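For reference, the structure is listed below as structure tokens.
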Amino acid sequence: MAAHRRGRANSIFRPTGRRGRLGEHLSSAAVENPNRRDFLFIATGAVGAVGVGAVAWPLIDQMNPDASTLALASIEVDIGAIAEGQIVTVKWRGGPVFIRHRTKKEIDDAVNTPLSELKDPQTDQQRVKRPEWLIVVGICTHLGCVPLGHEGPYGGWKCPCHGSIYDTSGRIRQGPAPLNLAVPEYAFLSDAKVKIG
Amino acid sequence: MSGNSNYVPKSAFGRWFESRLPIMGLAHSSFVAYPVPRNINYLWAFGAILAFMLAAQIVTGVVLAMHYVPSATLAFASIERIMRDVNYGWLIRYLHTNGASMFFLAVYIHIFRGLYYGSYKAPREVLWVLGVIIYLLMMATAFMGYVLPWGSMSFAGATVITSLFTAIPLVGGGVAHWLWGGYAVGDPTLNRFFSLHYLLPFMIVGVVLLHIWALHVAGQNNPEGVEVKNVERDTVAFTPYATIKDLFALSLFLILYAWFVFYIPNYLLDADNSVVANPLSTPAHIVPEWYLLPFYAILRAIPDKLAGVVALFAAIALLAFVPWLDTSPVKSAKYRPLFRIFFWAFVVCCVGLGYLGSQEVSDATTWAARVLAFGYFAFLIVVLPLLGLIEKTKPMPASIADAVLAKKGGPSAPSAAR
């Protein structure tokens, strides 16, 4: 029945009388001699594809961080009260940032570590603006847990989830994490105030 | 195998309706006249048990959603209110949390039964793949459900699982931000998990219907692994034989379920999840729910982040390829002496990995997990293809009826009774 109908339609819309199935519409003969049906077929398909994309993108993009989340980009922290040796955790962009007031020994340990021992080689100087202050994002670069301070053989951090070990510069030393703890953008506004973000 | 029904409605209305929507005839041919191999054992009851558990989870879940608030500031308190103030809230929530564990217990027995008796082999490959898809959807649903109470373990679990995607080179970080709706797991994450936790069970229902459809096209496998040759001799009617057997097995299973709900409702829950989520600290010892532990152990066993994540997903994805990895034409382990040994070794690997996943990381557990993870993959990638080539299988019975009669030593009644 369908074939019969299509045949009849062909006889109306295609004076050449060529009986084509859908897939044959793009045959060389059709490309050389496009008729109205071929045009409508391709044009409808093209508009359909654009339409699907235009509807799909908002449905996907709505899951990305929204404007109010993006607006919470920076915080100011008073670091005057942080004692030497103390680590303070502050919340930035919904997650933890560690501010560590390092002792002389912790600085020396970090500075004197040869780069050859590091999985993600970075000198301590590249990771701090003032040697006594280490500021890093407190999210393990393995799977996002919050590492525990003053733990592990290097006295830096140890992640409770999968055992990644960081040193006093927040650099990865053992375990599955691939990268050092990230250093956020920050600036010292004064000796007692730092702006993160 | 369906189409054995010659259902004719008794009432005039029934006949009028049937000629317009033949749904009663479909139900009759699927669940009454449907021929069931006469030799299936109680392991075959887990399909029905799983159907019940899915329905139970949906009913209790819909009720919980009437009282739960998907908000980072209110979710934890709303769970407390369900437990303390809502009439029978404690019962409904314990049914739901323990129901998830019972659901997984049943699905693991169901999957291992399928492996042991070769239920994935031709003509049931599509049936098996649909089953793996259901299992994946179940894991996703259970994971998101575990996040909803917004306890500290919920938060850590959500962080670890979504951070798996950061292992993807280049786009991983963007994908994670997209999943979170922020720079970390937070309120937007909780909201979308609630939405999806409500959606996915109904997708499971859809795939389950396909699973049952595929089952009713190929017919059930059976402990002999011999296909039905003569419907009269080899099968019995689904109702009453399988129906009653399934209901009896279900009652026993419900006793176990009720024991958990009424006597040890928090045994499988983690005490850390009774503490509200805190994005600034992670519990000292995080573990996933028991049913995800083997995969967690595989993830931890591998020291490299990307390789660990790939191994985790491969461990699940490989299951879908089992019908083509197994090269042996013999289905049932009953007639495969070597396969039977390796099958139990595989079970030991899975259970062992589960145990190691629950332990704190040490050098010993890491190495043990590596050995067992190797065993897990070796069974699927090496043993299954190889056994088909080298194994000498035992002679199989000519038919299901022959196998049954040889065991009983005489003709038995059920097929005649029909």
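The values are calculated or read from the model by the stated rules, or taken from the named source; none is laboratory data. Just so it is clear, the structure is predicted and the values come from calculations on it, not from any experiment. Cβ atoms come from the backbone with ideal geometry, glycine included; neighbour counts cover every protein chain shown. These accessible areas exclude ligands, DNA and RNA; they are computed on the full protein's heavy atoms, side chains included. Shrake-Rupley method; radii C 1.70, N 1.55, O 1.52, S 1.80 Å.
Which residue out of A:VAL136, A:VAL146 is at the interface with another protein chain (Cβ under 10 Å from one of its Cβ atoms), under 24 Å from the mean Cα position of the chain (by Cα) and crowded, with 22+ Cβ neighbours inside 10 Å?
Working: A:VAL136 fails: at the interface with another protein chain (Cβ under 10 Å from one of its Cβ atoms).
Criteria check complete, one pass: A:VAL146.
So which residues in region B:333-361 are modelled with pLDDT of 95 or more and farther than 16 Å from B:VAL383 by Cα, if there are any at all?
So the first thing to find is which residues in region B:333-361 are modelled with pLDDT of 95 or more, and the list is B:333-356.
B:LYS334, B:TYR335, B:VAL351, B:GLY352, B:LEU353, B:GLY354, B:TYR355, B:LEU356, listed by residue number.
Among the residues that make up region B:311-325, is at least one of them in contact with a Pro (Cβ under 6 Å, 6 or more places away or on another chain) and closer than 26 Å to B:MET139 by Cα? Before the answer, list the steps.
Restricting attention to region B:311-325, the residues satisfying the condition of being in contact with a Pro (Cβ under 6 Å, 6 or more places away or on another chain) are B:325.
Add one more test, that the residue is closer than 26 Å to B:MET139 by Cα, and what stays is B:325.
Looking for residues that are in contact with a Pro (Cβ under 6 Å, 6 or more places away or on another chain) and closer than 26 Å to B:MET139 by Cα, one finds at least one in region B:311-325, hence yes.
Would you check which residues across region B:324-359 are of a type outside the set (A, V, I, L, M), open to solvent by 40 Å² or more (accessible area, probe 1.4 Å) and under 28 Å from B:VAL226 (Cα atoms) and list them?
B:TRP324, B:THR327, B:PRO329, B:LYS334, B:PRO337, B:ARG340, B:PHE342, B:TRP344
Out of everything in region B:298-318 that is within 15 Å of B:LEU353 (Cβ to Cβ) and more than 14 Å from chain A (Cβ to nearest Cβ), what residue ends up being surrounded by the most Cβ atoms within 10 Å (Cβ to Cβ)? Give the derivation first.
Quick first cut of region B:298-318, residues within 15 Å of B:LEU353 (Cβ to Cβ) only: B:298-302, B:308, B:311-312, B:314-316, B:318.
With more than 14 Å from chain A (Cβ to nearest Cβ) added as a condition, the list becomes B:314-316, B:318.
Working: B:ALA314: 15, B:ALA315: 20, B:ILE316: 14, B:LEU318: 17.
Looking at the filtered set, the residue picked out is B:ALA315.
Could you tell me whether any residue of region B:361-372 is within 14 Å of chain A (Cβ to nearest Cβ), open to solvent by less than 20 Å² (accessible area, probe 1.4 Å) and not polar (S, T, N, Q)?
Within region B:361-372, one or more residues are within 14 Å of chain A (Cβ to nearest Cβ), open to solvent by less than 20 Å² (accessible area, probe 1.4 Å) and not polar (S, T, N, Q).
Output yes when any residue across region A:9-28 is β-branched (Val, Ile, Thr), at pLDDT below 95 and farther than 30 Å from A:TYR154 by Cβ, and no when none is. Break it down into steps so the answer makes sense when it comes.
If we filter region A:9-28 for residues that are β-branched (Val, Ile, Thr), which is where we start, we get A:12, A:16.
Now restrict to residues that are at pLDDT below 95: A:12, A:16.
Then drop every residue that is not farther than 30 Å from A:TYR154 by Cβ, which leaves A:12, A:16.
The answer is yes, given that some residue of region A:9-28 is β-branched (Val, Ile, Thr), at pLDDT below 95 and farther than 30 Å from A:TYR154 by Cβ.
In region B:247-277, what residues are β-branched (Val, Ile, Thr) and surrounded by fewer than 18 Cβ atoms within 10 Å (Cβ to Cβ)?
Of region B:247-277, the ones β-branched (Val, Ile, Thr) are B:255, B:261, B:264, B:275-276.
Those that are β-branched (Val, Ile, Thr) and surrounded by fewer than 18 Cβ atoms within 10 Å (Cβ to Cβ): B:ILE255, B:ILE264, B:VAL275.
Read through the list (1) under 20 Å from B:VAL275 (Cβ atoms); (2) within 14 Å of chain A (Cβ to nearest Cβ), then give the number of the only condition that B:LEU148 fails.
It is condition (2) that B:LEU148 fails.
Listed here are the residues, each with its yes/no results for (1) within 12 Å of another protein chain (Cβ to nearest Cβ); (2) open to solvent by 30 Å² or more (accessible area, probe 1.4 Å); (3) in contact (Cβ under 8 Å) with a residue 12 or more places away in the chain.
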| site | (1), (2), (3) |
| --- | --- |
| A:TRP57 | no, yes, no |
| A:ALA73 | yes, yes, yes |
| A:ILE82 | no, no, yes |
| A:GLY95 | yes, no, yes |
| A:ASN112 | no, yes, no |
| A:GLU117 | no, yes, yes |
| A:ASP124 | no, no, yes |
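Among residues belonging to region A:164-190 that are of a type in the set (Gly, Ala, Ser) and over 23 Å from the mean Cα position of the chain (by Cα), point out the one that is farthest from the other protein chains (Cβ to nearest Cβ). Even if it seems obvious, please write down each step before you answer.
Filtering region A:164-190 down to residues of a type in the set (Gly, Ala, Ser) leaves A:164, A:169-170, A:175, A:177, A:182, A:187, A:190.
From what's left, over 23 Å from the mean Cα position of the chain (by Cα): A:169, A:187, A:190.
Values: A:SER169: 20, A:ALA187: 19, A:SER190: 25 Å.
Out of the qualifying residues, it is A:SER190.
Taking the stated definitions as given, is B:LEU105 more than 28 Å from B:ILE264 (Cα to Cα) and assigned to a helix (DSSP H, G or I)? Working first, answer last.
On the way: more than 28 Å from B:ILE264 (Cα to Cα): no; assigned to a helix (DSSP H, G or I): yes.
Judged against the criteria, B:LEU105 is not a match.
Starting from residues that are touching a strand residue (DSSP E or B) at 6+ places or on another chain (Cβ under 8 Å) and under 20 Å from B:VAL208 (Cα atoms), keep the ones in region B:9-34 and report whichever is most open to solvent (accessible area, probe 1.4 Å). Show your work before the answer.
Taking region B:9-34 first, the residues touching a strand residue (DSSP E or B) at 6+ places or on another chain (Cβ under 8 Å) are B:32-34.
Imposing the further condition that a residue be under 20 Å from B:VAL208 (Cα atoms) reduces the set to B:32, B:34.
Details: B:VAL32: 55, B:TYR34: 2 Å².
Within region B:9-34, the match that is most open to solvent (accessible area, probe 1.4 Å) is B:VAL32.
Which condition number does B:GLY308 fail, the rest of (1) touching a Phe, Trp or Tyr at 6+ places or on another chain (Cβ under 6 Å); (2) more than 26 Å from B:LEU190 (Cβ to Cβ); (3) of a type outside the set (Lys, Arg) being met?
The single condition B:GLY308 does not satisfy is (1).
Within region B:174-196, restricting attention to residues that are open to solvent by 10 Å² or more (accessible area, probe 1.4 Å) and over 19 Å from A:ALA71 (Cα atoms), which residue is farthest from the other protein chains (Cβ to nearest Cβ)?
B:PHE194
So which residues in region B:115-127 are open to solvent by less than 40 Å² (accessible area, probe 1.4 Å) and farther than 13 Å from B:VAL347 by Cα, if there are any at all? Even if it seems obvious, please write down each step before you answer.
Filtering region B:115-127 down to residues open to solvent by less than 40 Å² (accessible area, probe 1.4 Å) leaves B:115-121, B:124, B:127.
B:TYR117, B:GLY118, B:SER119, B:TYR120, B:LYS121, B:ARG124, B:LEU127 - these are the residues of region B:115-127 that are open to solvent by less than 40 Å² (accessible area, probe 1.4 Å) and farther than 13 Å from B:VAL347 by Cα.
Return only the number of the condition from (1) more than 25 Å from B:LEU190 (Cα to Cα); (2) out of contact with any helix residue (DSSP H, G or I) (no Cβ under 8 Å at 6 or more places or on another chain); (3) open to solvent by less than 50 Å² (accessible area, probe 1.4 Å) that B:ASN87 does not satisfy.
B:ASN87 satisfies all of (1) more than 25 Å from B:LEU190 (Cα to Cα); (2) out of contact with any helix residue (DSSP H, G or I) (no Cβ under 8 Å at 6 or more places or on another chain); (3) open to solvent by less than 50 Å² (accessible area, probe 1.4 Å) except (3).
Determine which single condition B:PHE321 fails, assuming it passes every other condition in (1) open to solvent by 20 Å² or more (accessible area, probe 1.4 Å); (2) within 26 Å of the chain's Cα centre (by Cα); (3) within 14 Å of chain A (Cβ to nearest Cβ); (4) not small (Gly, Ala, Ser).
(3)
Of B:PHE253, B:PHE295, B:PHE202, B:PHE260, which residue is farther than 30 Å from B:ASP402 by Cα, under 20 Å from the mean Cα position of the chain (by Cα) and within 14 Å of another protein chain (Cβ to nearest Cβ)? Show your work before the answer.
Values: B:PHE253 fails: within 14 Å of another protein chain (Cβ to nearest Cβ); B:PHE202 fails: within 14 Å of another protein chain (Cβ to nearest Cβ); B:PHE260 fails: within 14 Å of another protein chain (Cβ to nearest Cβ).
Answer to the selection: B:PHE295.
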